[in-house]
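*Asks:* Shown below is the structure under consideration.
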Amino acid sequence: MRGALSLVAIVLVGLLVGCGPRPPKPIVQQALAYQIAHVSGPVGSLVGSDQLAARLQLQDVKIRQDRREPLLLVSGETLEGHHLSGTYTLIVHPPGSRRPYRRKGDPFQLTLAHQKAQTVATQRSPDRVKTVPERWLLAYSSPDSKTWEVIDFLPQPAPAPELPPAGPEPTLPATAPAAADVGRTESDGAPSPTNTSTPT
């Protein structure tokens, strides 16, 4: 009886873990392209590393395994981690060559950290809240192998600045003289005398 209950509990835990969001394939493809373009290797020697990101193309990305576990980040935050493995086809267009370099069925392994969308209070005004969008981060194990470092490989839009409350707009008097007209008479536009007395 206890063995059957343990088996049911294991199955339920597996189902609950599997109910979480799976990394979208476009996200995995962009993370894999970033990882390839920013590591050294035989592919990186084909073109300059600064040009590789613009000249590589990924196709047929297939996720074979998605193993999940909590990731403790260097910052102390814990995020859901996805250890992904699968295959892909890499196409690189070297400069000055019409024939691309192609490799089919290459295996890959990468880890993504998932930050769910949440609502948090702002630092300036605790009464006000802002929505933090969902994010996928590329994760690498730190040198101590106990924590994880993350890289934001997807550029995020800059948050909107907090604007002060709108107040009444200042108005200028309609009869205020222009700066260019100061010191001139209304009759002939000549400058008015500033001192008419003669020295004694």
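*Asks:* Just one of the numbered conditions (1) open to solvent by 20 Å² or more (accessible area, probe 1.4 Å); (2) out of contact with any Phe, Trp or Tyr (no Cβ under 6 Å at 6 or more places or on another chain); (3) at negative phi is not true of Ser145; which one?
*Replies:* If we test Ser145 against (1) open to solvent by 20 Å² or more (accessible area, probe 1.4 Å); (2) out of contact with any Phe, Trp or Tyr (no Cβ under 6 Å at 6 or more places or on another chain); (3) at negative phi, just (3) comes out false.
*Asks:* Search the range 122-138 for residues that are open to solvent by 100 Å² or more (accessible area, probe 1.4 Å) and pair each with any residue that is at pLDDT 80 or above when their beta-carbon atoms are under 7 Å apart and the residues are at least 6 apart or on different chains.
*Replies:* Between residues of the range 122-138 that are open to solvent by 100 Å² or more (accessible area, probe 1.4 Å) and residues that are at pLDDT 80 or above, the close pairs are Thr131/Ala117.
*Asks:* Next question. Tell me, which residue of the range 52-100 that is acidic (Asp, Glu) and modelled with pLDDT under 95 is most open to solvent (accessible area, probe 1.4 Å)? Walk me through it before giving the result.
*Replies:* Of the residues in the range 52-100, the ones acidic (Asp, Glu) are 60, 66, 69, 77, 80.
Retained after the next criterion (residues that are modelled with pLDDT under 95): 60, 77.
Working: Asp60: 100, Glu77: 72 Å².
It comes out as Asp60.
The values are calculated or read from the model by the stated rules, or taken from the named source; none is laboratory data. Predicted model, so just to flag it, every value in this text is computed and none were measured. All Cβ positions, even for glycine, are placed from backbone atoms using ideal geometry, and neighbour counts span all protein chains on display. Just the protein is used for accessible areas: all its heavy atoms, side chains included, with ligands, DNA and RNA removed. Shrake-Rupley method; radii C 1.70, N 1.55, O 1.52, S 1.80 Å.
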